[in-house]
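Reviewing the structure listed below.
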Amino acid sequence: MEGQRARLFVALDLPAEVRAELIAWRAPLLVASDAALRPVADEALHVTLCFLGQQPLAAVEPLAAAIAEVTAGGSVAVGGLALGAPLWLPRRRPHALTVALRDRDGALGALQGALAAALAAGGWFAPEERPYLPHVTVARVRRGGDPRALARRELPAPPTHAFAGEAVTLYRSHLGGGGARYEALARERLRR
Ligand code: 2AM
(Lines give C-alpha, C1' and ligand atoms only; values in the text may rest on other atoms or scores of the structure.)
Protein backbone atom coordinates (compact mmCIF):
# COMPACT_ATOMS: atom_id res chain seq x y z
CA MET A 1 0.00 0.00 0.00
CA GLU A 2 2.83 2.37 0.89
CA GLY A 3 3.80 4.54 -2.06
CA GLN A 4 0.61 3.76 -3.99
CA ARG A 5 -1.03 6.70 -5.68
CA ALA A 6 -4.49 7.44 -6.98
CA ARG A 7 -6.14 10.09 -9.14
CA LEU A 8 -8.39 12.04 -6.75
CA PHE A 9 -10.89 14.86 -6.93
CA VAL A 10 -13.47 16.44 -4.64
CA ALA A 11 -16.95 17.03 -6.02
CA LEU A 12 -20.38 18.29 -5.12
CA ASP A 13 -23.02 15.56 -5.49
CA LEU A 14 -26.30 16.58 -7.11
CA PRO A 15 -29.81 15.59 -5.97
CA ALA A 16 -31.14 12.52 -7.82
CA GLU A 17 -33.91 14.56 -9.48
CA VAL A 18 -31.38 17.00 -10.97
CA ARG A 19 -29.32 14.11 -12.31
CA ALA A 20 -32.53 12.69 -13.82
CA GLU A 21 -33.23 16.05 -15.47
CA LEU A 22 -29.74 16.17 -16.94
CA ILE A 23 -30.10 12.59 -18.24
CA ALA A 24 -33.40 13.50 -19.92
CA TRP A 25 -31.97 16.76 -21.29
CA ARG A 26 -28.94 15.14 -22.90
CA ALA A 27 -30.75 12.10 -24.38
CA PRO A 28 -31.80 13.72 -27.69
CA LEU A 29 -28.41 15.46 -27.95
CA LEU A 30 -26.58 12.11 -27.73
CA VAL A 31 -28.72 10.90 -30.63
CA ALA A 32 -28.18 14.15 -32.58
CA SER A 33 -24.42 13.92 -32.03
CA ASP A 34 -24.38 10.88 -34.29
CA ALA A 35 -22.26 8.91 -31.77
CA ALA A 36 -19.68 11.70 -31.40
CA LEU A 37 -20.61 11.98 -27.68
CA ARG A 38 -20.27 9.35 -24.96
CA PRO A 39 -22.49 9.98 -21.91
CA VAL A 40 -21.00 10.25 -18.43
CA ALA A 41 -22.48 7.38 -16.35
CA ASP A 42 -25.83 8.45 -14.83
CA GLU A 43 -24.67 7.96 -11.23
CA ALA A 44 -21.37 9.76 -11.91
CA LEU A 45 -22.84 13.18 -12.83
CA HIS A 46 -21.16 15.66 -10.46
CA VAL A 47 -19.70 19.14 -10.07
CA THR A 48 -15.94 19.08 -9.57
CA LEU A 49 -14.87 21.39 -6.72
CA CYS A 50 -11.11 20.65 -6.56
CA PHE A 51 -9.18 18.38 -8.91
CA LEU A 52 -6.24 16.94 -6.96
CA GLY A 53 -4.62 14.68 -9.55
CA GLN A 54 -2.27 11.86 -8.47
CA GLN A 55 -1.99 11.69 -4.67
CA PRO A 56 -0.58 9.09 -2.28
CA LEU A 57 -3.30 6.77 -0.94
CA ALA A 58 -2.03 7.72 2.52
CA ALA A 59 -3.51 11.19 1.89
CA VAL A 60 -7.08 9.86 1.74
CA GLU A 61 -7.61 9.90 5.52
CA PRO A 62 -6.31 13.45 6.14
CA LEU A 63 -8.16 14.65 3.04
CA ALA A 64 -11.42 13.19 4.37
CA ALA A 65 -10.78 14.94 7.70
CA ALA A 66 -10.12 18.27 5.95
CA ILE A 67 -13.37 17.93 3.96
CA ALA A 68 -15.29 17.13 7.16
CA GLU A 69 -13.84 20.23 8.78
CA VAL A 70 -14.81 22.52 5.87
CA THR A 71 -18.34 21.11 5.72
CA ALA A 72 -18.55 21.40 9.53
CA GLY A 73 -20.09 17.99 10.21
CA GLY A 74 -23.10 18.54 7.96
CA SER A 75 -24.02 22.03 9.15
CA VAL A 76 -23.08 23.76 5.88
CA ALA A 77 -25.85 24.22 3.28
CA VAL A 78 -25.25 24.96 -0.40
CA GLY A 79 -28.62 26.22 -1.62
CA GLY A 80 -29.65 28.60 -4.38
CA LEU A 81 -28.16 26.45 -7.12
CA ALA A 82 -29.73 26.05 -10.57
CA LEU A 83 -28.74 24.56 -13.88
CA GLY A 84 -27.56 27.22 -16.32
CA ALA A 85 -26.56 27.37 -19.96
CA PRO A 86 -25.15 24.44 -21.94
CA LEU A 87 -21.41 24.92 -22.35
CA TRP A 88 -18.90 23.22 -24.64
CA LEU A 89 -15.49 22.93 -22.89
CA PRO A 90 -12.80 23.84 -23.68
CA ARG A 91 -14.55 26.53 -25.68
CA ARG A 92 -12.28 26.53 -28.73
CA ARG A 93 -11.94 22.80 -29.24
CA PRO A 94 -14.57 21.03 -27.13
CA HIS A 95 -13.84 17.74 -25.41
CA ALA A 96 -17.01 17.78 -23.35
CA LEU A 97 -20.62 18.91 -23.33
CA THR A 98 -21.32 20.46 -19.95
CA VAL A 99 -24.05 22.43 -18.21
CA ALA A 100 -23.01 25.48 -16.22
CA LEU A 101 -24.24 25.77 -12.65
CA ARG A 102 -25.73 28.99 -11.36
CA ASP A 103 -24.74 29.89 -7.82
CA ARG A 104 -27.38 32.48 -6.98
CA ASP A 105 -26.45 32.95 -3.30
CA GLY A 106 -22.70 32.48 -3.74
CA ALA A 107 -22.84 29.45 -1.41
CA LEU A 108 -21.09 27.16 -3.88
CA GLY A 109 -18.33 29.69 -4.55
CA ALA A 110 -17.83 30.10 -0.80
CA LEU A 111 -17.62 26.33 -0.24
CA GLN A 112 -15.24 25.88 -3.17
CA GLY A 113 -13.04 28.73 -1.92
CA ALA A 114 -12.89 27.31 1.62
CA LEU A 115 -12.17 23.83 0.33
CA ALA A 116 -9.49 25.04 -2.08
CA ALA A 117 -7.78 26.99 0.72
CA ALA A 118 -7.88 24.03 3.14
CA LEU A 119 -6.62 21.53 0.55
CA ALA A 120 -3.91 23.93 -0.65
CA ALA A 121 -2.77 24.39 2.97
CA GLY A 122 -2.48 20.60 3.22
CA GLY A 123 -0.34 20.53 0.08
CA TRP A 124 -2.88 18.48 -1.93
CA PHE A 125 -4.24 21.16 -4.23
CA ALA A 126 -2.57 23.73 -6.45
CA PRO A 127 -5.00 26.67 -6.76
CA GLU A 128 -5.77 27.46 -10.38
CA GLU A 129 -5.18 30.86 -11.99
CA ARG A 130 -8.47 30.77 -13.90
CA PRO A 131 -11.66 31.54 -11.99
CA TYR A 132 -13.65 28.56 -10.79
CA LEU A 133 -16.36 27.69 -13.32
CA PRO A 134 -18.90 25.31 -11.79
CA HIS A 135 -20.30 22.87 -14.35
CA VAL A 136 -21.57 19.32 -14.80
CA THR A 137 -20.02 17.34 -17.64
CA VAL A 138 -22.84 15.31 -19.18
CA ALA A 139 -20.98 13.76 -22.13
CA ARG A 140 -17.48 13.55 -23.55
CA VAL A 141 -16.39 13.64 -27.16
CA ARG A 142 -15.38 10.17 -28.31
CA ARG A 143 -11.93 9.66 -29.71
CA GLY A 144 -12.25 10.57 -33.39
CA GLY A 145 -15.75 11.97 -32.75
CA ASP A 146 -16.68 15.29 -34.34
CA PRO A 147 -19.42 17.19 -32.47
CA ARG A 148 -19.00 20.40 -34.52
CA ALA A 149 -22.39 20.18 -36.25
CA LEU A 150 -24.09 19.86 -32.85
CA ALA A 151 -21.88 22.55 -31.28
CA ARG A 152 -23.05 25.04 -33.93
CA ARG A 153 -26.70 24.50 -32.95
CA GLU A 154 -28.47 26.37 -30.22
CA LEU A 155 -29.13 23.75 -27.54
CA PRO A 156 -32.34 23.69 -25.47
CA ALA A 157 -32.06 25.18 -21.98
CA PRO A 158 -32.08 22.66 -19.11
CA PRO A 159 -34.70 23.07 -16.29
CA THR A 160 -33.93 26.10 -14.12
CA HIS A 161 -35.52 25.48 -10.70
CA ALA A 162 -33.46 26.08 -7.54
CA PHE A 163 -31.94 23.18 -5.63
CA ALA A 164 -29.35 22.48 -2.93
CA GLY A 165 -26.18 20.38 -3.10
CA GLU A 166 -26.43 16.91 -1.52
CA ALA A 167 -22.92 16.16 -0.33
CA VAL A 168 -19.22 16.77 -0.82
CA THR A 169 -17.40 13.61 -1.86
CA LEU A 170 -13.77 12.61 -2.26
CA TYR A 171 -13.61 10.49 -5.42
CA ARG A 172 -10.99 8.24 -6.88
CA SER A 173 -11.01 8.17 -10.66
CA HIS A 174 -10.21 4.82 -12.28
CA LEU A 175 -9.35 5.52 -15.89
CA GLY A 176 -10.34 2.85 -18.39
CA GLY A 177 -11.15 2.24 -22.03
CA GLY A 178 -14.90 2.69 -21.64
CA GLY A 179 -14.51 5.97 -19.71
CA ALA A 180 -13.52 6.75 -16.14
CA ARG A 181 -15.21 5.05 -13.18
CA TYR A 182 -15.50 7.10 -10.02
CA GLU A 183 -15.20 5.47 -6.61
CA ALA A 184 -16.46 7.43 -3.58
CA LEU A 185 -13.83 7.25 -0.81
CA ALA A 186 -15.38 9.66 1.71
CA ARG A 187 -18.65 11.59 1.76
CA GLU A 188 -19.85 14.49 3.89
CA ARG A 189 -23.53 15.32 3.62
CA LEU A 190 -24.68 18.95 3.40
CA ARG A 191 -27.58 20.49 5.31
CA ARG A 192 -30.80 20.44 3.25
P1 2AM B 1 -14.61 17.88 -16.33
O2 2AM B 1 -15.88 17.21 -15.88
O3 2AM B 1 -14.77 19.32 -16.59
O4 2AM B 1 -13.91 17.14 -17.41
C5 2AM B 1 -12.68 13.77 -12.82
O6 2AM B 1 -11.83 13.65 -13.90
C7 2AM B 1 -13.22 15.17 -12.70
O8 2AM B 1 -12.12 16.07 -12.53
C9 2AM B 1 -13.99 15.65 -13.92
O10 2AM B 1 -15.16 16.30 -13.48
C11 2AM B 1 -13.07 16.62 -14.61
O12 2AM B 1 -13.65 17.79 -15.07
C13 2AM B 1 -12.14 17.05 -13.53
N14 2AM B 1 -10.79 17.25 -14.04
C15 2AM B 1 -10.04 16.37 -14.72
N16 2AM B 1 -8.83 16.91 -15.02
C17 2AM B 1 -8.84 18.15 -14.51
C18 2AM B 1 -7.89 19.20 -14.48
N19 2AM B 1 -6.68 19.09 -15.02
N20 2AM B 1 -8.24 20.36 -13.88
C21 2AM B 1 -9.46 20.50 -13.33
N22 2AM B 1 -10.39 19.54 -13.31
C23 2AM B 1 -10.09 18.38 -13.90
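The values are calculated or read from the model by the stated rules, or taken from the named source; none is laboratory data. From a predicted model like this one, the values you see are computed outputs, not experimental measurements. Note that each Cβ is placed from the backbone with ideal geometry, even for glycine, and that neighbours are counted across all protein chains shown. When the accessible area is computed, the model is the full protein with side chains, heavy atoms only, and any ligands, DNA or RNA have been set aside. Shrake-Rupley method; radii C 1.70, N 1.55, O 1.52, S 1.80 Å.
Taking the criterion of being within 12 Å of the ligand (Cβ to nearest atom) and under 25 Å from THR160 (Cα atoms), would at least one residue in region 66-88 satisfy it? Checked against the condition, which is being within 12 Å of the ligand (Cβ to nearest atom) and under 25 Å from THR160 (Cα atoms), region 66-88 yields at least one hit. Tell me which residues, restricted to region 34-59, are hydrophobic (A, V, I, L, M, F, W, C), within 18 Å of the chain's Cα centre (by Cα) and loosely packed, with under 13 Cβ neighbours inside 10 Å. Passing the criteria: only ALA41.
Considering (1) crowded, with 17+ Cβ neighbours inside 10 Å; (2) more than 25 Å from GLN112 (Cβ to Cβ), the lone condition that VAL31 does not fulfil carries the number (1). Collect the residues in region 95-111 that are within 12 Å of the ligand (Cβ to nearest atom) and open to solvent by less than 30 Å² (accessible area, probe 1.4 Å), keeping them in residue-number order. Answer for region 95-111, where residues must be within 12 Å of the ligand (Cβ to nearest atom) and open to solvent by less than 30 Å² (accessible area, probe 1.4 Å): ALA96, LEU97, THR98, VAL99, ALA100, LEU101. Would you confirm whether any residue within region 157-172 is touching a strand residue (DSSP E or B) at 6+ places or on another chain (Cβ under 8 Å), more than 12 Å from the ligand (Cβ to nearest atom), more than 18 Å from VAL47 (Cα to Cα) and open to solvent by less than 30 Å² (accessible area, probe 1.4 Å)? No - not one qualifying residue is present in region 157-172. Within region 1-52, how many residues turn out to be hydroxyl-bearing (Ser, Thr, Tyr) and within 14 Å of the ligand (Cβ to nearest atom)? Qualifying residue count for the region: 1.
Within region 63-83, the set of residues being crowded, with 20+ Cβ neighbours inside 10 Å and either within 13 Å of LEU185 (Cα to Cα) or at pLDDT below 95 (or both) comprises LEU63, ILE67.
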